[in-house]
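Colleague: This is the structure I want to talk about, given as structure tokens.
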Amino acid sequence: MAFNAISDGLKTRIIFTADDKGLKQGPFEIYDEGGHLQEKGTFLDDKRDGICERFYPSSQLLMRASFKRGVQDGLCERYYENGNLSDSGFLVNGVLDGEQKMFYENGQCKLKLTYRKGIKDGMSTVYYPNGQICEVCKLEDTKRVGPYIQYYPNGQVRMTCTFEDGKEEGLFCKFYPNGQLFEEYTMKEGKENGLYKNYTEYGTLNQTRVYQMGRQLFGEEAKLYLAELEKEAANPQKITSAPKVNGEQDNSHTRE
């Protein structure tokens, strides 16, 4: 049976089969007002069920998704109009669950991350369009935890730090593209805390500052606070150059 329907103010044509109760059953097709196929799939008791596909006006595949009684369940893939994959992931009862991927239009992977029952939970890796890793971290309940590392497009380390419950904690370092240390300071609960050092790209100390929980200190107050921190830190670490391992934290660049 063929029916006409109005959707979003545009005239569309929906072709489907209805049972004696008027419920849509079996294969269906939806066409736009220009006669282009917009979507095709299967109905079960008036609800999408099984594989459904949606299309660009050019007839190129836009999306392919799996449904169970009207709810997305299973693999879902979306595509750029050039045919390359845009993103893919799994849903369970309409909620993201498992590894999800996003891609640049050139086909290179843009992002990999893991969901657990709709919540970001697991490793997250971001990539540059050239395929090089941009950043790597672990997420727990959407918050960053543990080592975090950023890279330049050429693969050289750009920044390293550690997160606790979504906030920077401990040594925070930034590097020049040549690998030389640019900045180093300590973070506490997401705020600068302690001695800040800034270097030239040739390794010469350029500037120092002192912070207490994000507030810059000066003069005698700064000296007293540094002395207090030195008592708490028995083994301070000194960093001289960026780690060389792409995608992994390398502690070989630290020394007491």
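Colleague: With the requirement that a residue be under 13 Å from the mean Cα position of the chain (by Cα) and touching a residue at least 24 places away in the same chain (Cβ under 8 Å), what does the stretch 115-141 give you?
Modeller: Across the stretch 115-141, the qualifying residues are 115, 125, 128, 133, 136, 137, 139.
Conditions (1) of a type in the set (D, E, K, R); (2) modelled with pLDDT under 95; (3) within 26 Å of residue 86 (Cα to Cα); (4) in contact with a helix residue (DSSP H, G or I) (Cβ under 8 Å, 6 or more places away or on another chain), marked per residue:
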site	(1), (2), (3), (4)
3	no, yes, no, no
6	no, yes, no, no
10	no, yes, no, no
15	no, yes, no, no
18	no, yes, no, no
35	no, yes, yes, no
40	yes, no, yes, no
53	yes, no, yes, no
65	no, no, yes, no
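Colleague: Next question. What number of residues within the stretch 94-144 are charged (D, E, K, R) and closer than 17 Å to residue 166 by Cα?
Modeller: Of the residues in that region, 8 qualify.
Colleague: Give just the number: which of (1) at pLDDT 95 or above; (2) closer than 26 Å to residue 130 by Cα; (3) surrounded by fewer than 17 Cβ atoms within 10 Å (Cβ to Cβ) does residue 215 not satisfy?
Modeller: Unmet for residue 215, out of (1) at pLDDT 95 or above; (2) closer than 26 Å to residue 130 by Cα; (3) surrounded by fewer than 17 Cβ atoms within 10 Å (Cβ to Cβ): (2).
Colleague: Please verify whether the stretch 89-96 includes one or more residues that are more than 23 Å from residue 116 (Cβ to Cβ), surrounded by fewer than 16 Cβ atoms within 10 Å (Cβ to Cβ) and within 22 Å of the chain's Cα centre (by Cα).
Modeller: There is no residue in the stretch 89-96 that is more than 23 Å from residue 116 (Cβ to Cβ), surrounded by fewer than 16 Cβ atoms within 10 Å (Cβ to Cβ) and within 22 Å of the chain's Cα centre (by Cα).
Colleague: Right, here's the next one. Restricted to the stretch 177-215, and to residues that are in contact with an Asp or Glu (Cβ under 8 Å, 6 or more places away or on another chain) and hydroxyl-bearing (Ser, Thr, Tyr), which residue is farthest from residue 226 (Cα to Cα)?
Modeller: Filtering first and then ranking leaves 199.
Colleague: Sticking with this one: Name the pairs: first residue in the stretch 20-48 and surrounded by fewer than 16 Cβ atoms within 10 Å (Cβ to Cβ), second residue basic (Lys, Arg) and assigned to a loop (DSSP other than H, G, I, E, B), Cβ to Cβ under 7 Å, at least 6 apart or on different chains?
Modeller: As it stands, the answer is 47/69, since those pairs meet every condition given.
The values are calculated or read from the model by the stated rules, or taken from the named source; none is laboratory data. This structure is a prediction, so every number in the text was calculated from the model and none was measured. Heads up, the Cβs are rebuilt from the backbone with ideal geometry, glycines too, and the neighbour counts pull from every protein chain shown.
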